[in-house]
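To keep things clear, I will list the structure first and then write my remarks on it.
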Amino acid sequence: MPVDTLSRVFAALADPTRRDMVARLSTADATVNQLAEPHQMTLQAIYKHLRVLEEAGVVSRATGPQPRPVHFEAGSLDVMDEWIARYRRQAEDRYQRLDRVLAEMETEMETELDAETDGDERA
Amino acid sequence: MTTVEADPAVPIIRITRDFRATPAQLLRAHTDPRLFARWVGPDSLRTRIDHWDARTGGSFRYVSVREGEEFAFRGCFHEIRPDRIVQTFTFEGSPDGVLLETLRFDDLLDGRTRLRTQSLVDSFEARDAWLRSGMDTGLEEGYAKLERMLTDGAV
């Protein structure tokens, strides 16, 4: 991803209202009015946020007559993909530790059984 | 190999991974606090179990410690069965957020067991926050990169 695009996506997603709009658009296209609904904001303010998202390539609007629905650009999820990739690496690290614990469990159980037997013998 | 999927339609994270173990062993590694503390990690943190009652209806609390910093997690064991655990999970630093997790242990009948974890959050924002969380390093790297770009005049 080009440097300026990355920084724009970062900046675009740094704002909670814009994150909220993106979250909404990730399920379905919406008109500007629909996007404005849950926010106590003027349409003008919503348009301002939209412009930031549009410039970052996170959303797009078809040309043509109104109302033009806002469309979420899944490709801009490269940032999200990066989160998921890191999350995956973290989970994999955790599960590799679990692999080791599972491998050691059998040995430990044998040792514990031996210890119990020894105890019985002493008793 | 670990796969992670963020569902686009519902705020769910799914993780799948196969283990060379039986379902019973995996269950034990998740319910025996001494075993659990050994792998839950991450490596840079030490895990201290505060409270642990791994029974249906029981609850847990553990603290991850790193150089004086403490991160506490707690939740309820809603249901524990040989093939699954259903539990809630909360980071105490963000007490309003709660994950509903279902862990399934599928016997692959070849000495391996598939662990499928599904975590449901109450909103996409919260889900994405979970994806980012524990990724502090990653985010810091990202912001550091951004800062360098700003300094370099690249932006």
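Since every read-out is calculated from the coordinates, none of them should be taken as a lab result. Please read all numbers here as calculations on a predicted model, not as lab measurements. Glycine also receives a Cβ, built like all others from the backbone with ideal geometry; neighbour counts cover every protein chain displayed.
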**Complete:** Expected vector for segment B:69-81, Karplus 3J(HN,Hα) from phi with 6.51, -1.76, 1.60 and θ = phi - 60°, integer Hz, x for Gly and Pro, equals 7, 10, 10, 9, 10, 8, x, 10, 7, 5, 7, 10, 9
**Asked** What ranking of A:MET21, A:MET41, A:MET105, B:MET1 emerges when the number of other C-beta atoms within 10 Å of each C-beta is taken as an exposure proxy, fewest first?
**Response** B:MET1, A:MET41, A:MET105, A:MET21
**Under 9 Å, Cβ to Cβ, from B:LEU108 - net charge with Lys/Arg +1 and Asp/Glu -1** = -2
**Item:** Phi-based couplings in Hz for segment A:49-59 (Karplus 6.51, -1.76, 1.60; Gly and Pro marked x)
**Value:** 4, 4, 4, 4, 5, 5, 5, 7, x, 6, 10
**Message:** Residue by residue through segment A:92-108, what is 3J(HN,Hα) from phi via Karplus (6.51 cos²θ - 1.76 cosθ + 1.60, θ = phi - 60°)? Round to whole Hz and write x for glycine and proline.
**Reply:** 5, 4, 4, 6, 5, 5, 5, 3, 5, 4, 4, 5, 7, 4, 4, 4, 5
**Asked** Counting Lys and Arg as +1 and Asp and Glu as -1, what is the net charge of the other residues whose Cβ lies under 9 Å from the Cβ of A:ARG97?
**Response** 0
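Let me spell out the model: positive unit charges on the Cβ of Lys and Arg, negative unit charges on the Cβ of Asp and Glu, origin at the Cα centre of segment B:9-106. What dipole size does that give, in debye rounded to 20?
On the way: 15 positive and 14 negative charges, 76 e Å.
Roughly 360 debye for segment B:9-106.
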